[in-house]
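Structure record follows, encoded as structure tokens.
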Amino acid sequence: MDALVQTVEDVAGASGGESENEGDGEDEDVRDGGDGGGVAAGGNEEAEEETGMEIEYDVYDVSNEAIAARRRKHAHEEATSPGWTQHDKHVFILSSAGKPIYARYGDESRLSGFFGVLQAMISFVDDNDDELQHLVAGDVTYVFYSNGPLYYVCVARTREPASHLRMLLQYVHNLVVSVLTAPYIVRLFEQRPHFDLRRMLGGTEPLIDSLIELMDSDPSYLLGAAECLRLAASVRAAVGSALQEVKISGLLYALVIADSHLVTLVRPKSRGLHPIDLLLIMNFVKASPTLRNEAADSWTPFCLPHFNDTGHLHVYSSFLASGVCLLLISTEAESFHDMQACKDRVATEITAGGHLAAITDAMASQAYSVDELGIPGLLHFLYKSVSSRQYTAPAWSAPYITGGEQRRLLRVYQDVIEKVHTVANDVKIYYQVSQSETLLAWVTSSFELYVVFGPLVPKKLAIASCNKLLRWIKSQEGTLFILNSPVW
Amino acid sequence: MATRKKVLLKVIILGDSGVGKTSLMNQYVNSKFSSQYKATIGADFLTKEVMVEDRLVTMQIWDTAGQERFQSLGVAFYRGADCCVLVFDVNLPKTFENLDSWRDEFLIQAGPRDPDNFPFVVLGNKIDLEDQRRISTKRAMTWCTLKGNIPYFETSAKENVEVEQAFHTIAKNALKQENDVDLGFPPPSAIKLHDPPPKQKKGCC
Ligand SMILES: Nc1nc2c(ncn2[C@@H]2O[C@H](COP(=O)(O)OP(=O)(O)OP(=O)(O)O)[C@@H](O)[C@H]2O)c(=O)[nH]1
Ligand SMILES: [Mg+2]
């Protein structure tokens, strides 16, 4: 069966102008024939967004300091403050009684009237045995997600698909669960619907802020996959075996991360670590105020919602070097001192072998650039290995230098990922041309590839380049991915 | 982790149309009064910060519509209220007689855990219209005592009589109810290694 190609020619932001050519045969040379079939919903909005309204600060600084500064800057805003309605993306958490729990911008207490309105909207629809999912008012999209006694609302002028904003809200819910566990949240409100959950979540605002920021800048969330540190396979293996030797009762996972990149992970044979759980851990390590100075070891109760959302595990974390964090995740609350002893052993072993130095070197020498691949016209790509839930991407390079450009590209990816995943039948190949770039998406059962070229790259060349790109990734596989994760 | 500094109280104001619910709230929150009547459609929300016994309290005041045709916000609306304010017009007996049904309606819809001790406050409004008065203080007080010693205030939104005092009591009683939460509550349990995994999806790596 023909692989299916959809072409969308964007006419300079005009609403209509699109043409679709189905399976016009010229893509026969693509290897994955597969079972084409579906047609992605047409339309290409990407050229219309970003109508010049830049915000006064760089939203893409996702350092904890920048996030905290932003929170302070807007802390006193209320619904009537000038500027409050102008924020790009609001996120709110409220109880089903309409009490405020979290606001990304502003003082949630002073916004309590606005929270009341949100609750009224939700409960009005709810009363008719229906569920409010999203609504669009002018250029603002409201997306609602409810889970048990909690409501999550995103109000965005970013023109992102509602499905993506809903995913953001689900991530935020997972974060809340990671602090409180799912049944505890339900029980709290079952017995007292008026409960003020800020009491239990106080102090987690930086984690929620950070997660929301990361979702705007880190493709991991978009892909539901983790990115590994590019590292010699032998170093990764050596760190893995050092971790494997840690034997403490109750220990589930041992991992080393380097600035939100995975170095390696040891796990029980039958239980992988779900990427969402891993992303929550990485966000915690990055944004937790208690870990910020990297000096002290910490021991934190932490629920991994996709592992088991009914109880806490215990996360021991310790920085081996700046940005390099060892995490030991255990079912036992009492093993802090055992963990500490283990950390000392692991640290000694990987330092002596020169592996820690290799990791810090790898962190310092930027990710690879697209130039390294020698593929003409290639600007950027995302490659996700479906079975391992890991992905790789090159470092940002021209024209994606500014935060604004990077976000724009992420939104293009987001849009395309949305298109190829929401159609009933899998679209195997999707080709899109806009004023600023050509994008080719290629989805199979084993990988997803999203490749961005300059605007004038013809389809045939793009497909040939993708094949070349796949060959390069294959040749680098051992350094880009954890191919065989050690188990115990 | 408990941060005890912030408290938010959900206060619902109920009563027949025209008794002055919106006016009382406006007088309290914005120190304003208008003699023009604008029916509340659905609900209005206002926020007011007050100090109650050394604690900074945010009152989230839900002003509802007295007119039946606008009462369409659903059951969930009353959920989780910390205090319910019942308002009548001392010059209109019907509005006083309807207090019973407002109270019952609230208790049914909100379903508080301990309905007998749920904090209500009753306000007899428009006392500035002295010569038209139809419901005596005594009669109102008797009803309030009967319903479990509900605090009663005679107010005028127009002349700003007793408004501040009434809302202070509302906040105080709501806070008492809210405080009950602190009665011991076990934190979530830890997982035992041999717990059966409730769900196991495909993992990473
Ligand atoms: N004289 C006098 N008039 C009042 C007082 N309070 C309210 N009013 C007037 O009564 C009318 C109705 O007041 P509202 O506050 O709108 O009544 P409401 O209870 O909110 O009515 P709904 O929104 O329909 O439920 C308005 O014309 C007010 O000006 C008061 O204390 N004294
Ligand atoms: Mg009114």
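Remarks
- For region A:263-276, filtering for residues that are more than 8 Å from chain B (Cβ to nearest Cβ) and open to solvent by less than 10 Å² (accessible area, probe 1.4 Å) leaves 3.
- Listed by first and then second residue, the pairs with beta-carbon distance under 8 Å, at least 6 apart or on different chains, first residue in region B:136-149 and more than 17 Å from residue B:91 (Cα to Cα), second among the polar types (S, T, N, Q), are B:148/B:117.
- Some residue of region A:224-244 being within 16 Å of residue A:167 (Cα to Cα) and either within 13 Å of chain B (Cβ to nearest Cβ) or under 12 Å from the mean Cα position of the chain (by Cα) (or both): yes
- The set of residues from region A:290-317 being more than 22 Å from residue A:344 (Cα to Cα) and in contact (Cβ under 8 Å) with a residue 12 or more places away in the chain comprises A:302, A:303, A:304, A:305, A:306, A:307, A:309, A:310, A:311, A:312.
- Which listed residue is β-branched (Val, Ile, Thr), modelled with pLDDT of 85 or more and surrounded by fewer than 13 Cβ atoms within 10 Å (Cβ to Cβ), from B:169, B:145: B:145
Condition check ((1) outside any helix (DSSP H, G or I); (2) open to solvent by 30 Å² or more (accessible area, probe 1.4 Å)) across all residues:
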{"site": "A:73", "(1), (2)": "no, yes"}
{"site": "A:76", "(1), (2)": "yes, yes"}
{"site": "A:85", "(1), (2)": "no, yes"}
{"site": "A:94", "(1), (2)": "yes, no"}
{"site": "A:97", "(1), (2)": "yes, no"}
{"site": "A:102", "(1), (2)": "yes, no"}
{"site": "A:105", "(1), (2)": "yes, no"}
{"site": "A:144", "(1), (2)": "yes, no"}
{"site": "A:155", "(1), (2)": "yes, no"}
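- Count - residues of region A:391-412 that are within 25 Å of residue A:447 (Cβ to Cβ) and either assigned to a loop (DSSP other than H, G, I, E, B) or not assigned by TED's automatic domain parsing to the domain that holds residue A:372 (or both): 6
- Residues in region B:16-50 that are within 6 Å of ligand 1 (Cβ to nearest atom) and in contact (Cβ under 8 Å) with a residue 24 or more places away in the chain: B:17, B:18, B:19, B:20, B:21, B:22, B:23, B:35, B:39, B:40.
- Qualifying residue in region A:402-411 (condition: at pLDDT 90 or above, in contact with a helix residue (DSSP H, G or I) (Cβ under 6 Å, 6 or more places away or on another chain) and closer than 21 Å to residue A:373 by Cα): no
- Among the residues of region B:121-140, those that are open to solvent by 30 Å² or more (accessible area, probe 1.4 Å), within 18 Å of residue B:19 (Cα to Cα) and out of contact with any Asp or Glu (no Cβ under 7 Å at 6 or more places or on another chain) comprise B:129, B:130, B:131, B:132, B:133, B:134, B:136, B:139.
Let's see how each residue does on (1) closer than 23 Å to residue A:239 by Cβ; (2) touching a strand residue (DSSP E or B) at 6+ places or on another chain (Cβ under 7 Å):
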{"residue": "A:339", "(1), (2)": "yes, yes"}
{"residue": "A:354", "(1), (2)": "yes, no"}
{"residue": "A:366", "(1), (2)": "yes, no"}
{"residue": "A:372", "(1), (2)": "no, no"}
{"residue": "A:375", "(1), (2)": "no, no"}
{"residue": "A:381", "(1), (2)": "no, yes"}
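- Of all residues in region B:99-128, those satisfying the criterion of being closer than 26 Å to residue B:168 by Cβ and assigned to a loop (DSSP other than H, G, I, E, B) are B:112, B:113, B:114, B:118, B:119, B:126, B:127, B:128.
- Of the residues making up region A:157-167, those that are of a type outside the set (Asp, Glu) and crowded, with 22+ Cβ neighbours inside 10 Å number 1.
- Checked against the criteria, residue B:91 does not count as more than 13 Å from the chain's Cα centre (by Cα) and within 16 Å of residue B:27 (Cα to Cα).
- Unique match (being touching an Asp or Glu at 6+ places or on another chain (Cβ under 8 Å) and surrounded by 19 or more Cβ atoms within 10 Å (Cβ to Cβ)) among A:414, A:435: A:414
- Members of region B:23-66 that are among the charged types (D, E, K, R), at the interface with chain A (Cβ under 9 Å from one of its Cβ atoms) and within 16 Å of ligand 2 (Cβ to nearest atom): B:44
- Looking only at region A:111-132, and only at residues there that are assigned to a loop (DSSP other than H, G, I, E, B) and at pLDDT below 90, the one that is nearest to the other protein chains (Cβ to nearest Cβ): A:127
The values are calculated or read from the model by the stated rules, or taken from the named source; none is laboratory data. No experiment lies behind these values; they were computed from the predicted model shown. So basically every Cβ, Gly included, is an ideal-geometry build from the backbone, and we count neighbours across all protein chains shown. Just the protein is used for accessible areas: all its heavy atoms, side chains included, with ligands, DNA and RNA removed. Shrake-Rupley method; radii C 1.70, N 1.55, O 1.52, S 1.80 Å.
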